[in-house]
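The values are calculated or read from the model by the stated rules, or taken from the named source; none is laboratory data. Everything numeric here is computed off the predicted structure, so don't read it as measured data. With ideal geometry, Cβ positions are generated from the backbone for all residues, glycine too; neighbour counts draw on all protein chains shown. Only protein heavy atoms, including side chains, enter the accessible area calculation; ligands, DNA and RNA are left aside. Shrake-Rupley method; radii C 1.70, N 1.55, O 1.52, S 1.80 Å.
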Amino acid sequence: MNYRVTKNFNKQVLSWNDIFYNFEESVVNKELIKYAPTAFYVIHNGHRIKKLKNILKKLSCSAAHIYFNLCAQEVNFGKHKDDRDVWFWQCQGKSKWLVENKEFILEPGDLIYIKKKVYHNVEALSPRAGVSMSEF
């Protein structure tokens with residue numbers, strides 16, 4: 001299967017505070033943070049968030065990147081494919097995922113799995129935050 005959506009995977013989502021504390025820790029430690037001027041950020045050290053430990057273990061993942069934007073008018077990565085299987089857990093707000101000509105709306109607690117090399121596009125429908133997880 002190239003993709004799978006699990007509604008209500010885990011409703012114990014990361015809070016905005018969890019995300020902002022992880023962001024601040026990355027800033028203080030001078031770690032990589034990708035961003036766009038439209039308030040779109042990617043933090044590469046989500047695996048340190050305590051609430052994520054059990055989720056990562058359950059999915060057999062070790063890497064966790066936090067994606068968040070503060071408004072729906074974000075710049076995103078456009079249609080793209082990843083070089084590894086990815087699980088994305090929607091934690092705050094809503095996002096629209098386009099995968100193989102099908103559209104899915106993710107809400108807090110939902111999880112989507114995208115197999116590597118499968119093209120997809122993500123659009124924020126509101127301020128939103130979530131976690132992209134992979135094996136490495």
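Results, tabulated for the structure shown:
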read-out	value
Residue check for Tyr113: within 23 Å of Val27 (Cα to Cα) and hydroxyl-bearing (Ser, Thr, Tyr)	no
Test: residue in region 77-89 that is modelled with pLDDT under 95 and under 25 Å from Lys30 (Cβ atoms)	yes
Region 8-57: number of residues that are of a type in the set (Gly, Ala, Ser) and surrounded by 14 or more Cβ atoms within 10 Å (Cβ to Cβ)	3
Flag for Val86 being within 13 Å of the chain's Cα centre (by Cα) and more than 14 Å from Ala129 (Cβ to Cβ)	yes
Hey, Val5 part of a helix (DSSP H, G or I) and open to solvent by 30 Å² or more (accessible area, probe 1.4 Å) or not	no
Condition check for Glu123: within 17 Å of Thr6 (Cβ to Cβ), surrounded by fewer than 19 Cβ atoms within 10 Å (Cβ to Cβ) and not aliphatic (A, V, I, L, M)	no
Selected residue [among the β-branched types (Val, Ile, Thr) and farther than 23 Å from Asp18 by Cα] from Val118, Val122, Val131	Val118
Test for Ala72: is it surrounded by 13 or more Cβ atoms within 10 Å (Cβ to Cβ) and touching a Cys at 6+ places or on another chain (Cβ under 8 Å)	no
Pick from region 58-69, criterion touching a helix residue (DSSP H, G or I) at 6+ places or on another chain (Cβ under 8 Å) and of a type in the set (Gly, Ala, Ser), ranking: least open to solvent (accessible area, probe 1.4 Å)	Ala64
Of the criteria (1) closer than 24 Å to Glu135 by Cβ; (2) outside any loop (DSSP other than H, G, I, E, B), which one Asn17 fails	(1)
Close pairs (8 angstrom Cβ cut-off, 6 or more residues apart or separate chains): touching a residue at least 24 places away in the same chain (Cβ under 8 Å) and farther than 17 Å from Ser132 by Cα in region 29-43, of a type outside the set (Lys, Arg) and part of a strand (DSSP E or B) anywhere	Thr38/Asn69; Ala39/Asn69
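One line per residue, one yes/no per condition, for (1) surrounded by 13 or more Cβ atoms within 10 Å (Cβ to Cβ); (2) closer than 18 Å to Asn8 by Cβ; (3) β-branched (Val, Ile, Thr):
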| position | (1), (2), (3) |
| --- | --- |
| Gly78 | no, no, no |
| Cys91 | yes, yes, no |
| Leu106 | yes, yes, no |
| Lys117 | no, no, no |
| Pro127 | yes, no, no |
| Met133 | yes, yes, no |
